[in-house]
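The structure under discussion appears below in the form of structure tokens.
The values are calculated or read from the model by the stated rules, or taken from the named source; none is laboratory data. Predicted, not measured: the structure shown is a model, and the values here were computed from it. Ideal geometry is used to build each Cβ from the backbone, glycine not excepted, and the neighbour counts take in all protein chains shown.
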């Protein structure tokens, strides 16, 4: 499943670089925390991270950042463990374990990026260089969130469902899962993530009376990621990327809606993106 090319320009995250500084920023976890011994040849033990998510993320994917900020030790310990994983260990894991590792890392480091701010920002885009400049220790290296997403996940794995799983802390992002991704459950978890994402008000809307279909802006930003596995030569509507996206979406709707999408007799458009913080109200 490995692929060695970028299927789209790095569009979405770099757009959020409001007031970027000129140099990279390296972030660190609480220096008083001890590295959790959760790394093994089989993968990571996500028990503590999963408990953290179930505590601070509700069933709708909204996050209690204020409480997490006050009790952040478990998150810092988990991120310290991510930093300790070396290349030899990582390459020995299954592909599913590697995908779970990088997706969990993206989400946990995004949570860290939010709670590192005092007071909390109203949008992740208000954090200077959050995607492109702020570097995090991981895999015995330092990587930005952009590098994890665009240079690892989107390059090394043909798995477009990752866009339903990695969450940039905005209201219009897919819901943050309140459990860790694991290799043994990854396929079912990713399918469930897509289902939850499309069910959101700004995920998917099929209006047959108006002849319109609206989907998340993420499908516009990264449409090329769906082409390798879902590209089609006929049916649906729009560009090659849009037809691939619609083909993908058609697997998560009713038979009636699938037939409607395949017929292609509608106008495709995209929801506006709300970058407000995905916090619990």
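Brief remarks follow.
- Condition met for residue 223 (out of contact with any strand residue (DSSP E or B) (no Cβ under 6 Å at 6 or more places or on another chain) and closer than 15 Å to residue 161 by Cβ): yes
- Test: residue in the range 178-191 that is assigned to a helix (DSSP H, G or I), touching a residue at least 60 places away in the same chain (Cβ under 8 Å) and buried (at least 16 other Cβ atoms within 10 Å of the Cβ): yes
- Tally of residues being surrounded by 15 or more Cβ atoms within 10 Å (Cβ to Cβ) and farther than 17 Å from residue 220 by Cα across the range 247-260: 5
- Qualifying position, being without any contact (Cβ under 8 Å) to a residue 40 or more places away in the chain and closer than 19 Å to residue 192 by Cα, among 243, 258: 258
- Test for residue 151: is it in a loop (DSSP other than H, G, I, E, B) and assigned by TED's automatic domain parsing to the domain that holds residue 64: no
- Qualifying positions in the range 261-270 - surrounded by 12 or more Cβ atoms within 10 Å (Cβ to Cβ) and out of contact with any strand residue (DSSP E or B) (no Cβ under 9 Å at 6 or more places or on another chain): 262, 264
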